[in-house]
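A short write-up of the structure that comes next.
Rule-based calculations on the coordinates, nothing more; no lab input. Keep in mind the model is a prediction, meaning the values are calculated, not measured. We place every Cβ from the backbone using ideal geometry, glycine too, and count neighbours over all the protein chains shown.
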Amino acid sequence: MAYIEPAPIKDKENPLESMMERFNIAAEKLGLSDEVYNVLKNPAKQVIVSLPITMDSGKIQVFEGIRVIHSNILGPAKGGIRFAPDVHLDEVRALAAWMTWKCAVVDIPYGGGKGGVRCNPREMSAGEIERLMRAYTLSMIDVFGPDKDIPAPDMGTGPREMAWLMDEYSKAHGTTVNAVVTGKPLVLGGSLGRTEATGRGVMVSALAAMEKLKINPFQATCAVQGFGNVGSWASTLLEERGLKIVAVSDISGAYHNSNGINIQDAIAYRDSNNGTLEGFTGAEKLSDPMELLELDVDVLVPAAVEDVITIKNVEKVKAKLIVEGANGPTSARADNIINDKGIMAVPDILANAGGVTVSYFEWVQNRLGYKWTAERVNRRSDRIMKEAFNNVYKASIKYDVPMRIAAYIVAIDKVAKTYTYRGGY
Ligand code: GLU
């Protein structure tokens with residue numbers, strides 16, 4: 001019987017420490033009491049399960065599944081499930097806390113949670129992934145629930161996996177419960193606009209920031225790291241709004257064209273090429289994919305993984321604006337240098353909150369038993385993203401802090417006030 005060894009924490013910075021450093025600064029600025037600080041610092045619930053799965057070879061492999069509920073103060077926990085080879089508890093704890101802050105920043109009635117299974121979905125068959133998803137769901141049957149904890153897609157999972165989750169949960173309850181999960185396929189109660197929602201929110205917050213910085217989108221250049229759901233939608237929508245996307249990247253490498261990359265061509269190529277940009281001829285491949293982060297562009301959108309802008313490369317970042325499509329792409333130790341260089345960073349908990357906002361709309365529609373038009377979904381999510389941006393911008397002026405700390409301040413203040421009203425034991 002094969003057993004996957006726990007992955008070591010990456011040699012980079014620990015995402016939980018990065019989250020806590022910002023949390024500590026914001027808590028201090030807000031003058032948060034020690035009592036409330038301790039409530040918000042510690043995750044409300046952490047569940048770790050072993051999932052023995054029969055692989056196609058007939059061998060049984062045991063996977064570790066994690067679900068962390070950081071907070072349910074504002075409402076049921078909300079947050080995606082990540083299938084990735086380097087998932088570890090500290091990362092999931094950080095991601096769960098980021099969901100708490102993210103939901104609070106956009107003012108939707110959810111707490112924060114996150115799930116993860118350490119596995120490599122790229123090397124697994126659809127059948128193996130399905131068995132893993134169903135086993136994970138059944139192990140978490142008492143954790144999940146439309147009023148308790150509502151999962152969604154994250155890295156390595158998508159609508160297909162959410163359909164299996166909904167089906168497994170529904171079977172166990174003897175009735176169809178579509179509001180238990182969001183990011184579902186449309187026919188199962190998914191929402192119009194959910195697929196592009198995170199990329200759309202990135203576009204809305206990028207434009208709002210560009211207005212403040214007086215950058216004309218029609219004269220701006222942009223590099224996007226990551227060409228999955230978030231990166232490809234952000235590229236498409238930013239290109240539509242006039243920006244020239246000069247670089248994109250994915251697992252196969254980074255591709256650069258100073259005349260601009262035709263994003264629709266790149267997407268069509270990726271879709272016809274097993275999901276990667278390998279061999280894409282609309283741009284030149286950079287010798288080191290990390291060079292993308294150091295290009296002389298106006299806007300940089302890291303939309304892949306955590307910890308890519310770190311103390312090691314932050315000095316070389318030339319963008320005027322960073323809009324974080326990924327969760328945790330900038331390590332806390334890089335923050336000061338970003339600020340010293342006068343770069344505006346629209347933080348993850350604001351910039352990528354469009355996804356969970358439309359997840360909320362999906363849940364609302366499921367509970368209403370009704371479907372909204374794409375136009376209604378987009379109009380309402382754009383409004384929420386703009387309001388959230390403006391609130392954070394105002395807080396950054398009021399407290400004289402960068403946008404990242406301002407976003408934490410807005411979020412922590414809301415959760416702390418709610419906790420104070422609700423009270424503990
Ligand atoms: N995984 C996404 C995120 O990190 C979406 C979460 C959700 O829709 O619940 O924001």
At R0 = 22 Å the Cβ-Cβ FRET efficiency linking S50 and N24, nearest 0.05, sits at 0.05
With a 10 Å radius around each residue's Cβ, average the other Cβ atoms per peptide and rank 274-282, 315-323, highest first. 315-323, 274-282
Tell me whether region 268-425 comes out rounded, prolate or oblate; compute the Cα gyration tensor, take square roots of the eigenvalues as a ≥ b ≥ c, and use a/c under 1.5 as the rounded threshold. oblate
Please report the relative contact order for the chain, taking Cα pairs under 8 Å with a sequence separation of at least 6, and give it as a percent rounded to a whole number. 17 percent
Among the lysines, which have Cα under 28 Å from the Cα of K316 when same-chain residues fewer than 8 positions away are ignored? K10, K12, K212, K214, K244, K285, K341
Label region 118-184 by shape, choosing from rounded, prolate and oblate, from the square roots a ≥ b ≥ c of the eigenvalues of the Cα gyration tensor; if a/c is under 1.5 it is rounded, and otherwise prolate applies when a/b is larger than b/c, oblate when it is not. prolate
Under Karplus coefficients 6.51, -1.76 and 1.60, residue-wise ³J(HN,Hα) of region 60-68 in Hz, glycine/proline x: 9, 10, 9, 10, 9, x, 10, 9, 10
Sequence-distant residues sharing a close amide H with I322 (under 5 Å, placed H): L300, M344, A345, V346
Once amide hydrogens are built 1.01 Å from N within the peptide plane, the residues lying 5 or more places from G111 or on another chain with amide H under 5 Å from its amide H are L74, G75, A77, K78
Based on DSSP H runs of at least 4 residues, each adding -39500 (n - 2.57), what is the mean residue ellipticity at 222 nm of the chain after dividing by all its residues, to the nearest 500 deg cm²/dmol? -14000 deg cm²/dmol
What value in Å³ per residue do you get for the convex hull of the alpha-carbon atoms in region 113-265? 141 Å³
Using alpha-carbon positions, the gyration tensor of region 340-425 gives root eigenvalues a ≥ b ≥ c; with a/c under 1.5 called rounded, otherwise prolate if a/b exceeds b/c, else oblate, the class is oblate
Length gain on complete extension for the stretch D265 to R383, per 0.36 nm per residue less the alpha carbon to alpha carbon distance? 39.5 nm
May I ask you to derive the relative contact order of region 179-286, considering only C-alpha pairs under 8 Å and at least 6 residues apart, and to give it as an integer percent? 20 percent
Two pseudo-spin positions, 7 Å from Cα along C-beta at V62 and at R241, lie apart in nanometres by 4.9 nm
Only helices at least 18 Å long along their own axis, judged from Cα atoms, and with Kyte-Doolittle mean hydropathy of -0.5 or greater: name those in the chain from DSSP H. 15-30, 89-105, 126-139, 194-213, 354-368, 403-422
Alpha-carbon centroid distance for the pair region 389-421 / region 227-269, whole angstrom: 32 Å
Arrange the peptides 161-167, 244-250 so that the one whose residues have, on average, the most other Cβ atoms within 10 Å appears first. 244-250, 161-167
When you count, for each residue, the other Cβ atoms within 10 Å and take the mean per peptide, how do 252-264, 183-195 rank with the highest first? 183-195, 252-264
Dimensions in Å of the chain - Rg and Dmax from alpha carbons: 20.5, 62
Filter K148/K171; K78/K417; K386/K414; K318/K386; K171/K417; K29/K78 down to the pairs with a C-alpha to C-alpha distance above 29 Å, please. K171/K417
